Amino acid sequence: MDPIPVAKRAAQIEYAIRDVVVPATELEKQGHKILKLNIGDPLAYPGLPTPTHMIKAFQESLERQENGYSHSYGIPLLRQGIATSEQNKGWECTEDDVYVCHGVTEALQIVFAAVLQEGDKVLSPGPHYPPYMTYPPLFGGSTVEYRMDSQNGWYPDLDDIRSKMDDSVRLIVLINPNNPTGGIADERIISGILEIASEWPNCIIIADEIYDGLNFEGNHISMAGAATSAGSSVPVLTMNGVSKVYYAPGWRIGYMAFYDPANRLSLIRDGIERLLRSRLCASTPAQMGYLAGLSSDDGWMDSYRQKLLQQRDYCMQRISSIEGLRAQTPGGAFYLFIELTHPRWKQDDKQFVLDLLHQEKVLMVHGSGFSPEFGKGFVRMVYLPDIEVLEDAFDRIERFLSSS
């Protein structure tokens with residue numbers, strides 16, 4: 001009998017970061033040990049554990065039997081804690097402006113479901129985090145990529161954004177710091193995107209700031225804070241959560257926060273609230289763990305950042321010494337987006353990743369998985385492992401390139 005058909009919306013989904021795990025898993029089944037530099041999960045590597053005070057709060061919540069449903073928009077104490085955190089970034093966020101979700105990925109799905117209709121567009125950086133390409137078609141929309149300047153700090157190309165704007169663009173996305181490049185958006189870029197969006201009355205900005213506490217330049221600019229300073233009425237949806245800066249990705253707690261001084265999102269907010277109620281709530285104990293992170297001293301983050309910086313700088317030193325690789329120093333997050341300059345591989349980043357995996361047992365992610373146009377010829381790696389592991393990985397990469 002023929003197989004029962006699958007819906008096209010599911011069959012067409014690709015998620016490069018995890019898709020490359022499939023062949024790696026097969027090699028592991030054969031007894032090979034893989035050096036995994038593919039996934040941005042700090043807990044996959046030793047030395048960057050979730051802080052004990054957050055774990056304790058999670059455990060104590062369980063012991064108090066806080067295992068029931070929370071409010072669909074999030075526990076009020078957590079919503080207030082998030083609002084206070086956002087206020088410290090320069091804008092008047094209130095508890096009612098905050099909605100807690102199963103990570104930023106669920107927040108994005110809910111926003112796309114509430115905003116997009118057939119033929120609408122999302123303008124997203126290229127390269128970008130894959131769900132920005134994957135999710136919009138599920139809700140009738142499509143993603144158009146704007147160019148990030150690979151030769152100049154991976155800054156968004158404002159002229160390219162402007163040239164791609166029309167009435168069908170409902171959302172402009174800024175990931176700051178960027179995944180996968182680690183690029184930082186400065187004041188000129190933030191102001192430019194606000195100015196462009198202000199010219200299109202039905203356009204909303206999504207500010208994905210999940211890596212804001214991993215800005216090594218110390219110059220993070222909140223999009224909502226910048227909009228407040230400029231007196232802009234452009235709506236901004238800030239996305240953030242516990243996964244990266246607080247090193248608890250498996251807890252799956254994120255949020256969206258509304259900057260909407262002119263109340264232009266009243267209908268969309270109603271739609272989002274309806275969707276949130278229909279899916280019940282995020283994990284109650286995990287919300288309490290996140291609250292402990294927000295409300296406690298964050299001095300522990302300094303040692304984590306220093307560890308990441310040492311590992312980043314080691315990677316940059318190794319890349320500069322290997323013929324066939326080139327990279328710009330990332331200002332934030334924990335990724336390197338490495339250009340393949342080797343003549344054999346610069347046009348085939350995916351095959352590079354697969355051959356490197358099979359020959360040297362090092363797992364990275366092909367850049368074209370983050371953007372077929374703007375990521376081609378690059379690979380992404382994380383610099384979360386200890387330097388000893390990174391040293392081994394680069395020795396293998398160098399050996400692979402020299403034999404190509």
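The values are calculated or read from the model by the stated rules, or taken from the named source; none is laboratory data. Everything numeric in this text was worked out from a predicted model, so none of it was measured. FYI the Cβ positions are ideal-geometry reconstructions off the backbone, even for glycines, and counts take in every protein chain you see.
Details
- Of all residues making up region 59-106, the number that are in a helix (DSSP H, G or I), among the hydrophobic types (A, V, I, L, M, F, W, C) and over 23 Å from L276 (Cα atoms): 1
- Residues within region 117-130 that are touching a residue at least 40 places away in the same chain (Cβ under 8 Å) and more than 22 Å from S150 (Cβ to Cβ), tallied: 3
- Residues being surrounded by fewer than 19 Cβ atoms within 10 Å (Cβ to Cβ) and either of a type in the set (D, E, K, R) or not assigned by TED's automatic domain parsing to the domain that holds A286 (or both) - total across region 70-100: 3
- Residue count, region 333-368 (criterion: over 17 Å from G126 (Cα atoms), in contact (Cβ under 8 Å) with a residue 60 or more places away in the chain and either touching a strand residue (DSSP E or B) at 6+ places or on another chain (Cβ under 7 Å) or surrounded by 23 or more Cβ atoms within 10 Å (Cβ to Cβ) (or both)): 7
- Tally, over region 244-274, of residues that are touching a residue at least 40 places away in the same chain (Cβ under 8 Å), surrounded by fewer than 17 Cβ atoms within 10 Å (Cβ to Cβ) and either of a type in the set (A, V, I, L, M, F, W, C) or closer than 26 Å to G213 by Cβ (or both): 1
- In the condition set (1) in contact with a Lys or Arg (Cβ under 8 Å, 6 or more places away or on another chain); (2) surrounded by 15 or more Cβ atoms within 10 Å (Cβ to Cβ); (3) in contact (Cβ under 8 Å) with a residue 24 or more places away in the chain, H32 is compliant with all but (2).
- Filtering E14, E63 for residues that are loosely packed, with under 13 Cβ neighbours inside 10 Å and at pLDDT below 90 leaves a single hit, E14.
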